[in-house]
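The values are calculated or read from the model by the stated rules, or taken from the named source; none is laboratory data. Keep in mind the model is a prediction, meaning the values are calculated, not measured. Here the Cβ is made from the backbone with ideal geometry for all residues, glycine too, and neighbour counts use every protein chain on show. Each accessible area value is taken on the protein alone, full model and side chains, heavy atoms only, with ligands, DNA and RNA left out. Shrake-Rupley method; radii C 1.70, N 1.55, O 1.52, S 1.80 Å.
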Amino acid sequence: PVEVDFYGLSQRVRRDPSRADELARRVEAREISVALLGIPTQYLGRRFDEALRRNYRIDHQNEWGVFWVPK
């Protein structure tokens, strides 16, 4: 399974938005089994946000964030 530090990546994406492209590609391919994200997801870019909403669904939400799983 792919492991991603979403927080760390979001910090890098703020400086260089193209860094989110590889993650968006992996989301589009549904390579990530579960994603735990804070709200909103757009801090990783529009392509990532759209890919996530197209390919994943919210499983549940708690104090740590929103858990997304493949559709």
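Numbers below:
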quantity	calculated
Under 11 Å, Cβ to Cβ, from GLN11 - net charge with Lys/Arg +1 and Asp/Glu -1	+2
Computed E for GLN11/ASN55 - FRET, C-beta separation, R0 35 angstrom, nearest 0.05	0.90
Listed candidates [x] 1.00; [y] 1.05; [z] 1.19 - label of the one calculated as Cα Rg over 2.2 N^0.38 Å	[x]
Accessible area of the chain divided out per residue, in Å², using a probe of 1.4 angstrom	66
Helix 46-55 vs. the chain, principal-axis angle (Cα, 0 to 90°, nearest 10)	20
